[in-house]
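Worksheet: one structure, shown below.
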Amino acid sequence: MKNDCVFCAIAAGEIPSFKIYEDDSVLAFLDINPFSEGHTLVIPKEHYKNLLEVPPAVLAVLLERVQKVASHIAAALPCEGFNILQNNGAVAGQTVNHIHFHIVPRSEGSGLTFESGKGDMEKLGALASRLRLES
Ligand code: AMP
Ligand code: ZN
């Protein structure tokens, strides 16, 4: 547990949360500033800063729970889909440095948008070549 971490404090029950799922290693609770109704955060109880720090075995369990909770939310709420978000670093919008996945339920006509640019095929091709990762 990290002393100044709000999600560690939530996992330890030191500060309240709107919990929707809990097991030995994972906790899911409602985001207090939701993008949409049912916006949920899924965290490991152990403190890891971000996607690069979390051990793969912990990540595997965490992602399985993200799927489980998302499936439950999609069935329980009147929503047609959902987004999974996971921010790493302040520049990417990470405000709590304890890894978490956002589940953001989406409904027709909600007005929620994620803006995107128009892809330049040449640049995309060059970038894909540069970034290709051998398996
Ligand atoms: P991120 O910007 O990806 O780091 O997401 C952090 C999220 O945590 C934000 O969407 C906040 O609204 C949410 N948040 C911060 N403090 C709390 C809290 N005490 N309970 C629930 N959600 C929180
Ligand atoms: Zn923490």
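Centroid-to-centroid, using Cα positions, the range 104-135 and the range 16-46 are 27 Å apart. Under 5 Å between amide hydrogens, built in the peptide plane, is the criterion, and for Ser17 it picks out nothing among residues at least 5 positions away or on other chains.
Summed over all non-identical Cα pairs, the Kirkwood treatment of the range 46-108 gives a radius of 12.7 Å.
Restricting attention to the chain, the count of lysine pairs at 8 or more positions apart or across chains with alpha carbons under 24 Å apart stands at 8.
Applying a 4.7 Å Cβ-Cβ cutoff to the chain leaves Cys79 as cysteine residues with no disulfide-compatible partner. Between amide H atoms placed 1.01 Å from N, distances below 5 Å from Arg106 occur with Glu80, Gly81, Phe82, Asn83, all of them 5 or more places distant or on a separate chain. Across the range 6-110 the C-alpha pair distances fall into 10 Å bins from zero in the proportions 15, 49, 31, 4 percent.
In sequence order, the range 12-20 has phi-based couplings of 7, x, 7, 10, x, 8, 8, 5, 10 Hz under the Karplus curve 6.51 cos²θ - 1.76 cosθ + 1.60, θ = phi - 60°, and Gly or Pro positions carry x. Computed over protein heavy atoms with a 1.4 Å probe, the carbon and sulfur contribution to the accessible area of the chain reaches 56%. Taking the Cα centre of the chain as origin and assigning +1 to Lys and Arg Cβ atoms and -1 to Asp and Glu Cβ atoms, the resulting dipole is close to 260 debye.
The values are calculated or read from the model by the stated rules, or taken from the named source; none is laboratory data. What you see is a predicted model; the values in this text were computed from it and never measured. Counting neighbours? That spans all protein chains shown, and the Cβs are built from the backbone with ideal geometry, glycine included. Ligands, DNA and RNA are stripped out before the accessible areas are found, and what is left, the full protein with its side chains, is counted by its heavy atoms. Shrake-Rupley method; radii C 1.70, N 1.55, O 1.52, S 1.80 Å.
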